Structures are given as structure tokens and as C-alpha cells.
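Asker: Here it is: the structure, laid out below.
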Amino acid sequence: MSLIVPWGNAVENMSEEAKEIRRQYLEAPEEEKEQFKARLYEVADKCKFCVVINNGSHRCVRHIIRVSDDAEQHLEELKAEYYVDYSKLPDDEFVFCIGLHNAEKMYER
């Protein structure tokens, strides 16, 4: 079984709360849209992601991959699956987060 899953639709939890936030976002003035979008992602994007960071001399994000919900409990299997396609570097770190928006924040840092 693969721990790396297709990206699919990241915003899966379109609850009534999420729908209301989306409605507010669509009606909000441009200067307020970002705050509604951030709230919407927090409520609706519950997908698990793994950010592969290399902490070598030039710290960088190698990849952002969507993983199964239980991937943290199977880290060694995930690493083995990942390294089938990518080179193993000595300073790789696998960091998990919920939501693509949170994974992208790691990339921005």
C-alpha cells in the first residue's frame, strides 16, 4: 500500500461553516479576502502532507507530498517509498502537517 497519495481535491471538508466562510469571502472587499481565505483553509483543508526538507548547508524544501493520514506512524515505509524516486540525502527531514496551506508556509520560510 502506498503512503504517498494523489493530490486530489485538498479542500474536502465543505461543512456548513466552510460554505459560510466561502460566501463571506466572495462578498468581501479585496482587502479582506485574504483573512477569509485563510479561515476557509483552516476549516476545510484537512489533508495530510509531508514536507521533505534538507537541512544541509543550503536548507531547502525538496518536496511537498500528500500522504495517507497514518503516514507518520509508518515513517520508515514512507522514506523507503520516497527514496525509490528521489536521491537520499544525509540531512533530509520529513515534517508532517495538515493542509496544503500549512505545507506552503514551510516552503515560504
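The values are calculated or read from the model by the stated rules, or taken from the named source; none is laboratory data. Computed from a predicted structure; not experimentally measured. Positions of Cβ are backbone-derived with ideal geometry, glycine not excepted, and every protein chain shown enters the neighbour counts.
Asker: Name the residues in the range 60-84 that are of a type in the set (Gly, Ala, Ser) and either without any contact (Cβ under 8 Å) to a residue 40 or more places away in the chain or not in a helix (DSSP H, G or I) (or both), would you?
Answerer: Of the range 60-84, the ones of a type in the set (Gly, Ala, Ser) are 68, 71, 80.
If the condition is that a residue be of a type in the set (Gly, Ala, Ser) and either without any contact (Cβ under 8 Å) to a residue 40 or more places away in the chain or not in a helix (DSSP H, G or I) (or both), then SER68, ALA80 are the ones that fit.
Asker: Against the conditions (1) touching a Leu at 6+ places or on another chain (Cβ under 7 Å); (2) at pLDDT below 85, where does MET1 fall short? Just the number, please.
Answerer: (1)
Asker: Now for a separate question. Hey, any hits in the range 5-13 for a residue that's surrounded by 12 or more Cβ atoms within 10 Å (Cβ to Cβ), part of a helix (DSSP H, G or I) and in contact (Cβ under 8 Å) with a residue 12 or more places away in the chain?
Answerer: No: the range 5-13 contains no residue that is surrounded by 12 or more Cβ atoms within 10 Å (Cβ to Cβ), part of a helix (DSSP H, G or I) and in contact (Cβ under 8 Å) with a residue 12 or more places away in the chain.
Asker: Just to check your reading of the model, which residue among SER2, SER57, SER87 is touching a Ser or Thr at 6+ places or on another chain (Cβ under 9 Å), part of a loop (DSSP other than H, G, I, E, B) and more than 16 Å from MET106 (Cβ to Cβ)?
Answerer: None of the other options fit; the residue is SER2.
Asker: Would you mind finding the one in SER87, SER57 that is of a type in the set (S, T, N, Q), more than 18 Å from PRO6 (Cβ to Cβ) and modelled with pLDDT under 90?
Answerer: Only one candidate passes the filter, namely SER57.
Asker: Would it be correct to say that ILE21 is of a type in the set (Val, Ile, Thr), surrounded by 13 or more Cβ atoms within 10 Å (Cβ to Cβ), within 19 Å of ASN102 (Cβ to Cβ) and under 13 Å from the mean Cα position of the chain (by Cα)?
Answerer: When the stated conditions are applied, ILE21 does not pass them.
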